[in-house]
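The values are calculated or read from the model by the stated rules, or taken from the named source; none is laboratory data. If you're wondering where the values come from, they're calculated on a predicted model, not measured in any experiment. Cβ sites come from the backbone with ideal geometry, for glycine too, and all protein chains shown count toward neighbours.
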């Protein structure tokens, strides 16, 4: 499967764009069922082209366009809505649905999307899991703003993207409302539900964790505020209103990134900061991957290579091994691995391969060595400022790097990104 296709697994659609998602959800972790009302603000490109949205196997109860019932079908993970639509003028599309969410099963990346914890819910949608819980245009470059309202039993805490704007209680349930004013790709939208307490690590930084893991987690994430200051110096201003970290009671294979928050498993908390490089990696994604998003999955090294390199930058800023030492270790490791991956255009099966992460970081370190810190870090800050809340491709970065360097870098990027052999 080529990553330069329109979308992975047939996800993503043409003929319109969504500017805003307003989601009203209700769920009980004990039953696993979800009922939802999704109100999408849509701008159509043609009056008579059907609107097609990605959505999993829910029972659809009603579909309205501009407040009026319309004809629709729901097959093969696609909701198709027919009618005549306003062109170049925003209008609302409302879809009411219910059922038990199931993760999207994929060939290479396992199950992604809405999933049940031992007592709660985790949503980890990268790269195609968003339709497991709401109707959307599930393309990596299709950014929109969000309002996410979730009603759960009172004992549970909900963490979602954006800022908590309200929490109201009524009887045995509580409704949590989050507003994300910065545009976001659907795969980065998330809802986390659990028996968590919310702890303020520092202004604008929230830790959600169960009481049993609280002490260890507060120790392990205690240096995150300093990390935020370092990354703000290196990469530019933090691009969102807040940053939240959720630690589940369940173990997770890897931490999960979402916009404005990250999710770690109980196995990533040991009370000794044994996984602090992962804290740096997920925080860095807020700049590289979330604010500066991808126009297409082909360019995923711009997400993972930058986040992996941020681990090295934090290490040298926090008293650990210097980036040059970690780069040498990475190069030695990569030299022992198969030399058959072009990280600038990987196949779908390899888009989360560790070689892509490591070689992406090594590419950036080599560029830093080539041009010097006085060029490299202003380049990063201009990159994040110019493309803040936008989408990019590799050629955008190569062009900016060449302008900052004042010389041709064509051969450099070709060798590092598009030739399989390690330079």
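Brief remarks follow.
- Residue under evaluation residue 309, criteria (1) over 15 Å from the mean Cα position of the chain (by Cα); (2) more than 30 Å from residue 341 (Cβ to Cβ); (3) crowded, with 23+ Cβ neighbours inside 10 Å, criterion not met: (2)
- In summary, strands (runs of 3 or more DSSP E) completely within segment 1-102 and bearing 1 or more residues that are more than 23 Å from residue 148 (Cα to Cα) and modelled with pLDDT of 95 or more occur at 34-44, 71-75, 78-82.
- Flag if residue 338 is closer than 20 Å to residue 417 by Cβ, touching a strand residue (DSSP E or B) at 6+ places or on another chain (Cβ under 9 Å) and modelled with pLDDT of 95 or more: no
- Condition check for residue 209: crowded, with 17+ Cβ neighbours inside 10 Å, more than 24 Å from residue 165 (Cα to Cα) and over 18 Å from the mean Cα position of the chain (by Cα): no
Okay, residues lined up against (1) assigned by TED's automatic domain parsing to the domain that holds residue 32; (2) crowded, with 24+ Cβ neighbours inside 10 Å; (3) free of Cβ contacts under 8 Å to residues at least 12 places away in the same chain:
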{"residue": "181", "(1), (2), (3)": "yes, no, no"}
{"residue": "213", "(1), (2), (3)": "no, no, no"}
{"residue": "218", "(1), (2), (3)": "no, no, no"}
{"residue": "230", "(1), (2), (3)": "no, no, no"}
{"residue": "236", "(1), (2), (3)": "no, no, no"}
{"residue": "245", "(1), (2), (3)": "no, yes, no"}
{"residue": "251", "(1), (2), (3)": "no, no, no"}
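- Filter result for residue 80 (within 29 Å of the chain's Cα centre (by Cα), more than 17 Å from residue 104 (Cβ to Cβ) and surrounded by fewer than 18 Cβ atoms within 10 Å (Cβ to Cβ)): yes
- Filter result (in contact with a strand residue (DSSP E or B) (Cβ under 9 Å, 6 or more places away or on another chain) and assigned to a loop (DSSP other than H, G, I, E, B)) within segment 341-350: 341, 345
- Condition broken by residue 154, with the remaining ones in (1) surrounded by fewer than 24 Cβ atoms within 10 Å (Cβ to Cβ); (2) touching a residue at least 24 places away in the same chain (Cβ under 8 Å) satisfied: (2)
- Residues satisfying the stated conditions in segment 388-423, i.e. closer than 22 Å to residue 259 by Cα, surrounded by fewer than 18 Cβ atoms within 10 Å (Cβ to Cβ) and either modelled with pLDDT under 95 or out of contact with any helix residue (DSSP H, G or I) (no Cβ under 7 Å at 6 or more places or on another chain) (or both): 388, 389, 390
- Within segment 197-223, the set of residues being part of a strand (DSSP E or B) and under 13 Å from residue 262 (Cα atoms) comprises 205, 206, 207, 208, 209.
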